[in-house]
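A quick write-up on the structure given underneath.
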Amino acid sequence: MKFLAAFGAFLGAASAYSATEAMAKAQKPRPIIERASPAGFQHPRLQKRASPYLNDKSGKFAVNGTGIPLVDFDVGESYAGLLPISGNANETKELFFWFFPSSNPAAAKEIAIWFNGGPGCSSLSGLLTENGPFQWQAGTLAPVPNPYSWTNLTNMVWVEQPVGVGYTQGTPDIKNEVDLGLEFAGFFKQFVDTFDLHGFEVYITGESYAGYYASLTHSETYMNIVN
Ligand SMILES: *[C@@H]1O[C@H](CO)[C@@H](O)[C@H](O)[C@H]1NC(C)=O
Ligand SMILES: *[C@@H]1O[C@H](CO)[C@@H](O)[C@H](O)[C@H]1NC(C)=O
Ligand SMILES: *[C@@H]1O[C@H](CO)[C@@H](O)[C@H](O)[C@H]1NC(C)=O
């Protein structure tokens, strides 16, 4: 699996620009295949036929796209929940993710990871107010669909990390950013196994301090873990 860390430490504007360009390009000639569940959450057996990401391990993470509180439209196929930072049966540390498969058929073998910065800022703030499929921005009355969602371009996963942030579980005990990278890498191995993403190209992106996370995860250790 190849890792492509496509940015430096202050990448917000630059990555948004190139993503918009790439999105326009990706969407011009190709018909969108409705591989996900555009008509809302379906019975897992039906969804299984439709989505390559639904399997016996991932089913329990399926989100009811029409059942999100206060969101009165379908957000489409997605998976959210907690996965441990290692395969150790006794692992008590877990990171929280929300994974949205893309509607773009050209993205079938790739995934982008989004990090907010901080350190310690929840990536759900990016998902819910910046680049996710639905938005509830400050000063607005209700959530709305986001026509510029990065999920139009590629499969996206927003991850809360490190342990201690947001919905993550366990006692925060890391001492430095190398520990942080390893914590994330351990989680990501569980994620790849759960959704059968072996062999996918992985892009790491984010904003602000997240550039630092990417330089850590773009390491040999990390690549060995997900290969
Ligand atoms: C999804 O949520 C909607 C709205 O709450 C509900 O009517 C529907 O039964 C839910 N679907 C499933 C499969 O739980
Ligand atoms: C998990 O916990 C059990 C019971 O405390 C212990 O016997 C076992 O060695 C632990 N396993 C690992 C991999 O730490
Ligand atoms: C993104 O996808 C949504 C849902 O298919 C669509 O309504 C929207 O127009 C797309 N956005 C762009 C910029 O093409």
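The residue that is nearest to the chain's Cα centre (by Cα), counting only those in the range 124-159 that are over 17 Å from residue 208 (Cα atoms) and assigned to a strand (DSSP E or B), is 157. Every listed requirement among (1) over 19 Å from residue 101 (Cβ atoms); (2) modelled with pLDDT under 95; (3) open to solvent by 60 Å² or more (accessible area, probe 1.4 Å); (4) not in a loop (DSSP other than H, G, I, E, B) is met by residue 203 save one, (1). How many of the residues in the range 52-73 are within 16 Å of ligand 3 (Cβ to nearest atom) and either closer than 14 Å to residue 193 by Cα or buried (at least 19 other Cβ atoms within 10 Å of the Cβ) (or both)? Total satisfying the criteria: 1. Scanning the range 71-127 for residues that are in contact with a Gly (Cβ under 8 Å, 6 or more places away or on another chain) and within 16 Å of ligand 1 (Cβ to nearest atom) yields 74, 75, 76, 77, 78.
Condition check ((1) farther than 20 Å from residue 205 by Cβ; (2) away from ligand 3 (no atom under 16 Å from the Cβ)) across all residues:
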{"site": "146", "(1), (2)": "no, no"}
{"site": "155", "(1), (2)": "no, no"}
{"site": "158", "(1), (2)": "no, yes"}
{"site": "164", "(1), (2)": "yes, yes"}
{"site": "172", "(1), (2)": "yes, yes"}
{"site": "176", "(1), (2)": "yes, yes"}
{"site": "181", "(1), (2)": "no, yes"}
{"site": "185", "(1), (2)": "no, yes"}
{"site": "190", "(1), (2)": "yes, yes"}
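Can you work out which of the residues in the range 103-139 that are among the hydroxyl-bearing types (Ser, Thr, Tyr) and open to solvent by 10 Å² or more (accessible area, probe 1.4 Å) is nearest to residue 52 (Cα to Cα)? Here the residue is 103. Reported count of residues in the range 78-111, each being away from ligand 2 (no atom under 16 Å from the Cβ), assigned to a loop (DSSP other than H, G, I, E, B) and touching a Phe, Trp or Tyr at 6+ places or on another chain (Cβ under 7 Å), is 3.
The values are calculated or read from the model by the stated rules, or taken from the named source; none is laboratory data. Note that the structure is predicted; figures quoted are calculated from it, not measured. Every residue, glycine as well, gets a Cβ built from its backbone with ideal geometry; the counts of neighbours run over all protein chains shown. Ligands, DNA and RNA are excluded from the accessible area calculation, which covers all protein heavy atoms including side chains. Shrake-Rupley method; radii C 1.70, N 1.55, O 1.52, S 1.80 Å.
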